[in-house]
Amino acid sequence: MPASKGRNLVSLFRARAKTTLKSATTKTSPAGDTTLKQFVSSLDPSSPTLSTTFISKSLSKCSAKFPKPKPSVPELSGQWAIPGLTNEAPLSSEDSTQPLSQEIRYILSGSSLDPQETKNENSTESVLDIPWIPDISRKDSPTGQKGVSRERKSKWVFKSGQVNRFNLLVKMCADRLGTDVTLEVFGKLGRETGVKEYNALIGICIKNARNSDDEEVAMEQISRAFQLFKSMRGQGFQLKEETYAPLLIYLIDMGMIEEFHFFCGVVKDENPSSLSKLGYYEMLLWIRVNNEEKIEELCDYIATQDNVDDNSVQENYLLALCESDRNANFRRLMEIIDITKVQSMDLVASIFKALGRHLLESFMERFLLAFKNCEDGTEKISTLIFCYAAHIPNLAVEEVVSKFKSLHAQYEVAPSSMSYEKLISYCCDSLKVHIALDIVDQMCKTGLTISTGTLNSILNASEGSFEFNLYIGAYELLNNLKELNLPRTVSMYNAIMAGFFREKNIVGGFSVLKQMENADVKPDSQTFSYLISHCDSEERINKYYEEMQCVGVQVTKQVVMALINAYASIGQFEKAKQVLADKGVSTRGLTECKSALVSALASHGQISDALQIYKEIKDAECDLEPKAIISLIEHTQSEGEISRLFKLLKELHDQDYWVDGCCRVLLYCVRNKHTSSAIDLLKQLDEKLCNDELALGIIVDEVFSIVADTDDTHLDVCLNLLRAIKDELGLSPSRKCLDFLLSACVNAKDLQSSLFIWRQYEIAGLPYNVVSYLRMYQALLASGAHRSAKDMLSKIPKDDRDVRSIIQACQLAFKHTIAEAKPKTKRKKKGIGM
């Protein structure tokens, strides 16, 4: 690529920019006597289970068939006993024909697997007993697992992009139905349940265990995850890392050593090839529990590179160490390691990241020289330089780029296309678009190819930085893509359009469509959603909707919601409501579109209509989208709505949305003097935030800020809240909170409250500063306590000009009270003839 073309490319992009951007192994025995409780009790935390001794001995058996252990173990008396888990014999072929839907249902509901008990249940009356997909017997399938796989593909197909949707579906059901019911429902998939489904179900169990403060509840959830492992085995699925990793990470985070070793044994027996990877998690465990002896033992094992067969285990130990903050252990290994013998390039990259993080530049230099002297090492150097430079702490983006360049010059290596793109992505993550463009310029000069993904990342960073003056030049960049043999995509133009609209440059946003026409890029539904939602008249809405139909773009959920918002913004509320009937919204997206209508009506003052549609949604036994609930809470501010607001708040199941909604209801309670309700909400917030004093303090400050500029009617509510925060929640008020309350005392002209709040600074251990002195001086003047105000004035440093200005403004604002306070002096009468 000619250098002139490269320079032209970037210069056109930045031509008009004026500013720089800111930056399971077994089956339950009939007696149930060999439980995990018994198994775990036999494990000695100090034993070398899965340690170097354990793994090194196991490595010699990897090529042989792993026997199924049948140990006889004593009873567990430890505190971390998991109920219901057993170490049992392999499943027989007859057992494998047991209906999986029944098995999963009982595994996850915590019920008995006794068939006699199942006979007595009235489950046939439940809609859940209607199978979603007919059961497929393994013995009826001529090719066993292959037959099941083909059938699964024909009925329950998941592409890679759909995994997140399934996980979201599971999460939504768990939030709304509860874990047990959700898992029973998905158990109805019968033998069609695959690895993705199992992983999602196991993920729910682990999430519930993490969120529970009850040890027994957490252990029950882990027991269910284990039972799912067993069910997977019965279906012929292998326990891969994507399945067992979340559970092991949970056990590591909880410091549950015995349980960790038990589950590792399960994984090892079912998937012998996972043995080396389990070493990674073992090292994480010992680092988490800070077991120095075990860490040293594993580091010694890493240092012995005489057995080639052990390299994968050693490398996984080292990988975990690289991700930790144990500088001394890491440095010791770097002294003896031969970097050229490390087989995994991912591990080498992690080593260089750790070198940067620990500021071990001498080791970095030694390793780069070693690679440079290798036949195939030169091509790795550029990427490794980036890994090192990008992870040096406390470096600005400009300094990282400078380090990247200087190291390439020092070792006389040209930056590779991959390392350049990683550096561009790094700059874009920090919204440093101009620096990213400099790198693009350098790539063009050296003839390296720029990928479409790289250009998209630059456009997205420009949008995210709110510096949309780059977009005018972006047009020219897109026009030059044809010369670079790179396609111009509709997503690029949509990003530009979104940027203009977000910047309130409506004309610029609408002009993007013309640019797309000139570039022969067809708009999509997202394009027309942006256009329609920013129309300021009915004629313009109709124009773009008709144009969308002419070019053959289908009406999507986003288009319907754009029409609703557009009509509501111009006051055409009846037409906004009519959109749902006219556009033929599918049942699947109807609730979301109705939620958008509720939000649009509420935000434009049509609360009664919004509540009516909300009632229709509830009558249809559907749930309103969280954003729409927040909008209803925000705009339902008239008196007498406290019960409705609490009802809406209960419908928010996601914690982030619930906290948002709770804060809004809390502000409503303060404004409308519902003191007891406000205190109750503060207690709920404290519990929901897991006693996070910092987060709760920010919310409390926001609550008190609303009374700073109001009249005295809200002061009593806030004083009661202050007492509740101290006495019932055990929290100390922040300086900002007390400052806001002093400001409220000024408006209320309340001397006693001012003195009470003034004492709270000292009680909370907050030293008085200039701001607090000024606020108290103002409060004393407002309440007429002029002698005290004069004393307070003497304590305020007056060497700052702004402070003097504030004092003068206070005296001017309350001059009438100062005048009234001055004593009147009597004049002596002059005697006549004196």
Is one or more of the residues making up the stretch 189-209 assigned to a loop (DSSP other than H, G, I, E, B) and either open to solvent by 10 Å² or more (accessible area, probe 1.4 Å) or touching a Cys at 6+ places or on another chain (Cβ under 9 Å) (or both)? no
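Residue-by-condition table, conditions (1) out of contact with any His (no Cβ under 7 Å at 6 or more places or on another chain); (2) at pLDDT below 90; (3) under 30 Å from C662 (Cβ atoms):
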| site | (1), (2), (3) |
| --- | --- |
| S537 | yes, no, no |
| Y544 | yes, no, no |
| E547 | yes, no, no |
| L580 | yes, yes, no |
| S603 | no, no, yes |
| I613 | yes, no, yes |
| S631 | yes, no, yes |
Name the residue, out of L201, L239, L228, L248, that is at pLDDT 90 or above and out of contact with any Lys or Arg (no Cβ under 7 Å at 6 or more places or on another chain). L248
Inspect the stretch 582-589 for any residue being among the hydrophobic types (A, V, I, L, M, F, W, C), open to solvent by less than 40 Å² (accessible area, probe 1.4 Å) and part of a helix (DSSP H, G or I) and give the result as yes or no. no
Please tell me if C428 is in contact with a Lys or Arg (Cβ under 7 Å, 6 or more places away or on another chain) and either part of a helix (DSSP H, G or I) or modelled with pLDDT of 80 or more (or both). no
When residues of the stretch 393-411 are filtered for being at negative phi and surrounded by fewer than 18 Cβ atoms within 10 Å (Cβ to Cβ), how many remain? 11
Has the stretch 752-767 got any residue that is surrounded by 16 or more Cβ atoms within 10 Å (Cβ to Cβ) and charged (D, E, K, R)? no
Taking the conditions exactly as written (farther than 27 Å from T591 by Cα, open to solvent by 70 Å² or more (accessible area, probe 1.4 Å) and in a helix (DSSP H, G or I)), does K514 satisfy them or not? yes
Of all residues in the stretch 332-368, which are within 29 Å of the chain's Cα centre (by Cα) and of a type outside the set (A, V, I, L, M, F, W, C)? D346, S350, K353, G356, R357, H358
Suppose the filter is among the acidic types (D, E) and either within 26 Å of A596 (Cβ to Cβ) or buried (at least 20 other Cβ atoms within 10 Å of the Cβ) (or both); does D680 pass it? no
Every residue from the stretch 525-556 that is in a helix (DSSP H, G or I) and farther than 21 Å from Q515 by Cβ: E538, E539, I541, N542, Q549
Can you pull out every residue in the stretch 435-453 that is open to solvent by 10 Å² or more (accessible area, probe 1.4 Å), under 28 Å from the mean Cα position of the chain (by Cα) and at pLDDT 75 or above? I435, G453
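This table checks each residue for (1) within 19 Å of H653 (Cα to Cα); (2) acidic (D, E); (3) surrounded by fewer than 19 Cβ atoms within 10 Å (Cβ to Cβ).
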| site | (1), (2), (3) |
| --- | --- |
| S569 | no, no, yes |
| L580 | no, no, yes |
| A600 | no, no, no |
| Q606 | no, no, no |
| D623 | yes, yes, yes |
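Every residue, every condition in (1) touching a helix residue (DSSP H, G or I) at 6+ places or on another chain (Cβ under 6 Å); (2) surrounded by 14 or more Cβ atoms within 10 Å (Cβ to Cβ); (3) small (G, A, S); (4) within 20 Å of K594 (Cβ to Cβ), yes or no:
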residue: S631; (1), (2), (3), (4): yes, yes, yes, yes
residue: L645; (1), (2), (3), (4): yes, yes, no, no
residue: V659; (1), (2), (3), (4): no, yes, no, no
residue: R664; (1), (2), (3), (4): yes, yes, no, no
residue: N672; (1), (2), (3), (4): no, yes, no, no
residue: S676; (1), (2), (3), (4): no, no, yes, no
residue: Q684; (1), (2), (3), (4): no, yes, no, no
residue: C690; (1), (2), (3), (4): no, no, no, no
With respect to the numbered conditions (1) open to solvent by 10 Å² or more (accessible area, probe 1.4 Å); (2) in contact with a helix residue (DSSP H, G or I) (Cβ under 7 Å, 6 or more places away or on another chain); (3) in a helix (DSSP H, G or I), which one is the sole condition not fulfilled by S274? (1)
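The values are calculated or read from the model by the stated rules, or taken from the named source; none is laboratory data. Quick caveat: nothing in here was measured; it's all calculated off a predicted structure. No Cβ is skipped: glycine too gets one built from the backbone with ideal geometry, and neighbour counts run over all protein chains shown. In case anyone asks, the SASA skips ligands and DNA or RNA and just uses the protein heavy atoms, side chains included. Shrake-Rupley method; radii C 1.70, N 1.55, O 1.52, S 1.80 Å.
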